[in-house]
Amino acid sequence: MSLESLIRSNRHLVEIGVATEDELAAVVGEVHVVGDVRGRIEDWHVIAIRDRVERTTSLHVLGRMPPSRGRLTSDVVTLAADRSIVRTQNSYYLLGDPAKDSPSIEMLLTVAGALRSWGYDAAYGLTISAAEPSRRSRDD
C-alpha cells in the first residue's frame, strides 16, 4: 500500500503523495515561534494533498509524535530551510530525523483516517482505504 493507493475511486479529483521539491520550496522560510511548540515529530514526510477540483495543494507533516502513534498536521504554513521546525496552520512542531523509507502502514492508516475525518470522502465521493488510525485529527 502507498499514499497514492489510499484513494480507490475518483482519483482524478484528489491525489496524495510525498511533496515534490517545488511544492516544498513554496513553503520554505524562516519560522518565528510565537507561543508554545507542540512537540517533536520523528520519522516524518511532508505529504501533499492535491485537490484537482479546487486546484489547490495542501502540505502536511506525517510522522510519529511520541507517545502517540501517527500524526498528520494541519496545513504547513512555513518549513524551516534546515528542516528543524515547521509552522502549521494551528501549531509549531520541532522536526526530528526525516523518514528514510516510504510511509509505513501505520502512517498510511493515519492519513486514511484524516482524509475521512476532514470530509474528503463525502465531498468528492472518494473510496478511501478502510482502517482507523490511532491519531487522525488536525492538531487536536
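Its alpha carbons considered, the chain gives a radius of gyration followed by a Dmax of 14.2, 41 Å.
Build a GNM of the chain with springs between Cα atoms under 10 Å apart, and of D36, D75, D121 the one that fluctuates most is D36. In the chain, a dipole from Cβ-located charges (positive for Lys and Arg, negative for Asp and Glu) runs towards its positive end, and of L24, L72, V46 it is L72 whose Cα lies farthest in that direction. Angle, helix 105-117 long axis vs. longest principal axis of the chain, Cα atoms, 0 to 90°, nearest 10? Approximately 70 degrees, to the nearest ten.
Placing +1 on the Cβ of every Lys and Arg and -1 on the Cβ of every Asp and Glu, with nothing else charged, gives the chain a dipole about its Cα centre of roughly 340 debye. Around I85, under 13 Å between beta carbons, what's the net of Lys plus Arg minus Asp minus Glu among the other residues? Combined, the nearby Lys, Arg, Asp and Glu give +1.
Read-outs: derived from the displayed coordinates by stated rules, not from any lab. This one's a predicted model, so the numbers in the text were calculated from it and none came from an experiment. Neighbour counts are summed over all protein chains in view; Cβ atoms, including those assigned to glycine, are modelled from backbone coordinates with ideal geometry.
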